[in-house]
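**Student:** One structure coming up, written as structure tokens, with questions to follow.
Every number here is computed from the coordinates shown, using simple stated rules; none is lab data. Remember, it's a predicted structure, so these values are computed and weren't measured experimentally. Backbone-built Cβ (ideal geometry, glycine too); neighbour counts: all protein chains shown.
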Amino acid sequence: MTDKQQRIAFIGGGNMASAIIGGLLRQGMASTDIEIVEPFEEARARLAKEFGIRAVAAPGTELANTGLVVWAVKPQTFKEAAAQAKPHAAQALHLSVAAGIRSDSIAAWLGTERIVRSMPNTPALVGKGMTALFARDGAGADDKARVERVIATTGEFLWVQAEAQLDAVTALSGSGPAYVFYFLEAMTQAGVELGLTAEQARRLAVGTFAGASELARASTDPLELLRERVTSKGGTTYAALTSMEQDQVKAHFVKALHAASRRAEELGDEFGR
């Protein structure tokens, strides 16, 4: 790559930008090849100090010397930020990690077709993220490979062929860590009510989720079969799962993911105009 192609600019300095920047630096990228646009002074100072990168308040001419622009802004601020950056970043590849905003809107706002949309999740902060990617036709093979190298620093990724699938991804994995934490809260609460200390209950709950997830990852068996192997009829697991089925926990959980997917679609309608 040329120096210009190597450089990456981040618009927005939230958790996802921090996760990607941290991953890039751990993989050996020079801090001088990364800059961030962050309007809030306190956050800007923290990012500059933490990562040793250049942090500025607004996009400017420096974007003309950037090969990749990563959009890590809130959906409601994307359009305004794009208007500021458009005069300087027309030649760059653009990667969006903003929820809901469709690539049609991004292309119109920035005047380019070299756009990849992504839906990451917060485990990227510890290198265990799961990210889905969608590329517009204007993003070529080299562009997609560049995005893969960047996202791989935060964990796993997969490509989807239809952009509409990203709403489902948002519901499943983008919001998914919150569901895991929700169940961990419930398991910890139950553990305390049953006589464990809060520390013991949390350690047992987190360790169980981590172990079960690794078992599911390592196995090619259906998830239903893995569950059945733990469930002896008339036993303790059977009692718990029977209680959940009586309360329609699974049905309500599936319903909740549909609600999340609808909200992702609404975000595109609301802020993509």
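**Student:** By how many degrees, 0 to 90 and rounded to 10, does the Cα axis of helix 15-26 deviate from the longest principal axis of the chain?
**Tutor:** 80 degrees
**Student:** Note down the nm distance, to one decimal, between modelled labels 7 Å out along Cα→Cβ at residue 192 and at residue 223.
**Tutor:** Distance between the two pseudo-spin positions: 2.8 nm.
**Student:** Answer rounded, prolate or oblate for the stretch 213-260, using the Cα gyration tensor with square roots of eigenvalues a ≥ b ≥ c: rounded when a/c is under 1.5, else prolate when a/b is larger than b/c, else oblate.
**Tutor:** Numbers: a/c = 3.06, a/b = 1.12, b/c = 2.73.
Here the stretch 213-260 falls in the oblate category.
**Student:** Give the angle, between 0 and 90 degrees and rounded to the nearest 10, that separates the Cα long axis of helix 198-218 from the longest principal axis of the Cα atoms of the chain.
**Tutor:** Compared with the principal axis, the helix lies near 80 degrees.
**Student:** Between beta-carbons, use under 13 Å as the cut-off and find the net charge around residue 250, counting Lys and Arg +1, Asp and Glu -1. The partial results should precede the final answer.
**Tutor:** On the way: positive: 227, 255; negative: 224, 245, 247.
Around residue 250, the surrounding residues sum to -1.
**Student:** Rounded to the nearest 10 degrees, what's the angle between the helix 176-193 long axis and the longest principal axis of the chain, both from Cα atoms, 0 to 90?
**Tutor:** Once rounded, the angle reads 40 degrees.
**Student:** Okay, next question. Return the FRET efficiency for the residue pair residue 104, residue 144: r is the Cβ-Cβ distance, R0 is 30 Å, and the value is rounded to the nearest 0.05. Walk me through the numbers before you get to the answer.
**Tutor:** Working: r = 19 Å, r/R0 = 0.62.
Once rounded, the FRET efficiency stands at 0.95.
**Student:** Take 136, 227, 217 and order them by how many other Cβ atoms sit within 10 Å, fewest up front. Walk me through the numbers before you get to the answer.
**Tutor:** Working: 136 18, 227 13, 217 7.
Ranked by crowding around the Cβ, least crowded first: 217, 227, 136.
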